[in-house]
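Report on one structure; see the data block that follows.
The values are calculated or read from the model by the stated rules, or taken from the named source; none is laboratory data. Keep in mind it's a predicted model, so treat the numbers as computed, not measured. Cβ coordinates were reconstructed from backbone atoms using ideal geometry, including for glycine residues, and neighbour counts include every protein chain displayed. Accessible surface is based on the protein model in full, side chains and every heavy atom, while ligands, DNA and RNA are left aside. Shrake-Rupley method; radii C 1.70, N 1.55, O 1.52, S 1.80 Å.
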Amino acid sequence: MRVTGTGHASMRIDTAAGSILCDPWVNPAYFASWFPFPDNSLLDWETLGQVDYLYVSHLHRDHFDAKHLREFVSKDATVLLPEFPTSEMADELRALGFTKFLRAPNEQVVELPGGLKIMIQALTSPTDGPIGDSSLWVEYDGVRLLNQNDARPTDLTVFAELGHVHAHLLQFSGAIWYPMVYELPQSAKTAFGKQKRERQFDRTWRYIDDLKADHVFPIAGPPCFLDDALWQFNDIHGDEGNIFPDQSVFLSEYAKVGGTNGIVLLPGSVAEVTTSGATTTHPQPVEEFFANKTAHLEEMRERKRGVIEAEKASWRHPEIDVLAGMKRRIEPLLDESIYLAKGVGGPVRFDLVGYDGESVESIVVDFPGKEVRPYADEKVRYRFRTERALIEHLLHIDEVDWVNSLFLSCRFSAARIGQYNEFVYAFFKCLSTERLQYAEGWYDEHERAVDAEDVTLGDWVVQRRCPHLKADLTRFGIVDGDQLTCQLHGWKFDLPSGRCLTSVGHKIRAARVDAETPAPAGGPVN
C-alpha cells in the first residue's frame, strides 16, 4: 500500500485494486485565515486527482475544499460516503459534479472490486464537526491503514477488532479558536493554551496506545496563518501556550513517552507500507524543512498576500441590513429550539465593527426571549466582536454554519460570563431547519437516556460513560481528589456535587465508594 502525503489531512492511498484520495485541501479556508502547511499548492494535482475513489471525512473546510474538488478531482471517482444524519455532504458533492456514491453502512466492512476493503465510522453528535465527522479504515492484501484524521471516537475497538493496523494517521495539533480569541490577560491565555496543548497530546497518546499500529503518521494540522492580523497564531514565537504545534514537535513529544514509530509526511512524501515495515521518501529532508519553518512561512505569506486581499475584497455587502438579516435567519430557529435555547439560557451579543474600524453596532440574540434585537445594555452570556463585513458575507451566502466559517476563522474576539457553553456554538452551527431539528432530537434522546452502569475510579463510584459525549471513563477518566477529568475532551467534574466544571449541563452521577448508591445525574444545570 502506497501512501502519498498531499498536505494537512489529505493523502492519496494507492493499491493494485484502486486508489483513494482523502480530504484534499489546498485553498484558504475560514475567511482566508487558514492555509495548509507545509504548502501543497504546487503539487501535481492534475495527476493526483485522477483516482478511483474520493473520501471526504466531513464538511469542515480544511477537509472539504469545494473549489479544489470541482477543478482537480475526477468526476469518475466513486465517493465513499459516511453514513451521516443529513444529506448535506452528498448534496454538496453532487453540486460539484460527482455522480457516483457508495454510502458505506456505519462500521461495516465493504469489499470493493479487486479485494480492496474499506470501513467508515461516522460520528454523529451535534458537536462532531459540522454535524458529523468520520474515520476511514482500508485493507488490501493484508496491509491495514486507519485514517482517523481529526475524528474523536470514544475508542478504536471497532478498528482493532478487524486485525492489526500497520499505518495509523491521526490529528495531534489544535483546530479551534480557544483560548486565543478570548479577552483575557496574556498570562491567562498562555496558561489555558498550555493546558490545551498538553490535553491534545495526551489524547493522541491514548489513541496511539489503543491501536498499537506499526507506524504512526501525524496529520490534520496544524494550519498556518498568513494574514498579518493572525500571524501571531503560528507556533514560531516561543509561546508555550500555542495550541498549534507542528509535526516536528509531535516527534519530539512522542519520543518523550517512548514513541519511536512516528513518520512525517510532507506534501509529496511517499510511504510504501507493508506488513513488515514502511519505507518513506521525501521531497526534502524533514528535519531541514522544519528547521527553516519561519522562512518557509514568510515566503508563503508574501506569495499568498494577493489571495488574501482578493478574499477580503469580496466580504463587504453594504446593501445588507444586518439586523433584519439576522432576524430573518435566526428567529424562526429560536422559535423551533427547545434544548439548545434552554442550554444557552441567556442573551448572546454581537458587536459589529464598521468599515471605519471604529463604529460599532451591537445586536443581541435573545435565546429566552426568542428574538434578535438591538442591544439594550443588559448582561449577556457571551459577547462576540467581529467585523460587520464578515456577518454581511455570511448573510449574503446564506451560510448555515457560522462555526465552520466565522468562529474557526479566529477573526473575532470573545468574552463570556461563567463556564464554557457548548450550546452556544452548537446553535450557531445549526442555522437551518434540517440541522436544528437533528440537534434538538439528539439532545432530547441523550437527555432522556439513562446510563445505568457504574464503575469504580479511585475512591469514587461514577457512571461509566462521560455525560458529555459518552466516552468510557474506565479508559479516559482520571480522578484527582474530588475532581474527575475525562481526557477525551478535557472536561472536568466536581464529584461531590456531580457538577460539570467545564460547561453548563452534563451533570455526572457519582458517590464515594463507602456511600450506598451514586446520586442520580439529573438533567442539565443551566
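Per-structure values
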quantity: Surface accessible to a 1.4 Å probe, M1 within the full protein complex, Å²; calculated: 30 Å²
quantity: Burial order of peptide ranges 31-41, 288-298, 488-498 (average beta-carbon count within 10 Å, highest first); calculated: 31-41, 488-498, 288-298
quantity: Heavy-atom accessible surface of segment 149-261: percent carbon and sulfur, 1.4 Å; calculated: 50 percent
quantity: For segment 61-112, convex hull of alpha carbons as volume per residue, Å³; calculated: 91 Å³
quantity: Computed P(r) (all Cα pairs; segment 116-235; 10 Å bins; percent); calculated: 12, 37, 30, 16, 5, 0
quantity: Restraint check, K196/K429; K189/K370; K117/K196; K293/K492; K67/K100, Cα-Cα greater than 25 Å; calculated: K189/K370; K117/K196; K293/K492
quantity: Given charges at Cβ of Lys, Arg, Asp, Glu: the chain dipole, positive-most of G142, P285, Q232; calculated: Q232
quantity: If the convex hull is drawn through the Cα atoms of the chain, its volume per residue in Å³; calculated: 151 Å³
quantity: Computed [θ] at 222 nm, helices only, for the chain once each DSSP H run of length n ≥ 4 contributes -39500 (n - 2.57); calculated: -8000 deg cm²/dmol
quantity: Kirkwood-based Rg to Rh ratio, segment 357-430, C-alpha trace; calculated: 0.93
quantity: Proximal aspartates and glutamates relative to K304, as straight alpha-carbon distance under 12 Å, when same-chain residues fewer than 8 apart are discounted; calculated: D39, D227, D228
quantity: Within segment 1-35, backbone nitrogen closer than 11 Å to the virtual label 7 Å beyond the Cα of E272 toward Cβ; calculated: 1-2
quantity: Residues A295 and T433, FRET efficiency given R0 of 56 Å [Cβ-Cβ distance, rounded to 0.05]; calculated: 0.70
quantity: Cleavage-rule hits, GluC sites (Glu not before Pro), segment 348-397, DSSP coil, Cβ neighbours within 10 Å at most 11; calculated: E358, E378
quantity: Gyration tensor over alpha-carbon atoms, segment 353-504, equivalent ellipsoid semi-axes in Å; calculated: 36, 18, 14
quantity: Beta bridge orientation in the chain: antiparallel %, DSSP, nearest 5; calculated: 70 percent
quantity: Residues in segment 150-186 reached by a label modelled at D480 [backbone nitrogen below 20 Å; 7 Å Cα→Cβ]; calculated: 179
quantity: Interchain or long-range residues, amide H under 5 Å from H215's placed H; calculated: A167, H168
quantity: Extension gain (nm, one decimal) between Q284 and E71, 0.36 nm per residue minus Cα-Cα; calculated: 73.9 nm
quantity: FRET efficiency, 1/(1 + (r/R0)^6) with R0 41 Å, evaluated for D356 and T47 via beta carbons; calculated: 0.30
quantity: Where the chain is the region considered: accessible area per residue in Å², 1.4 Å probe; calculated: 39 Å²
quantity: Cα-based equivalent ellipsoid, segment 185-240: semi-axes from gyration tensor eigenvalues, Å; calculated: 27, 16, 7
quantity: Cysteines without a disulfide-compatible neighbour (Cβ-Cβ under 4.7 Å), the chain; calculated: C22, C224, C410, C430, C500
quantity: When segment 289-418 is reduced to its Cα atoms, the Kirkwood hydrodynamic radius in Å; calculated: 16.5 Å
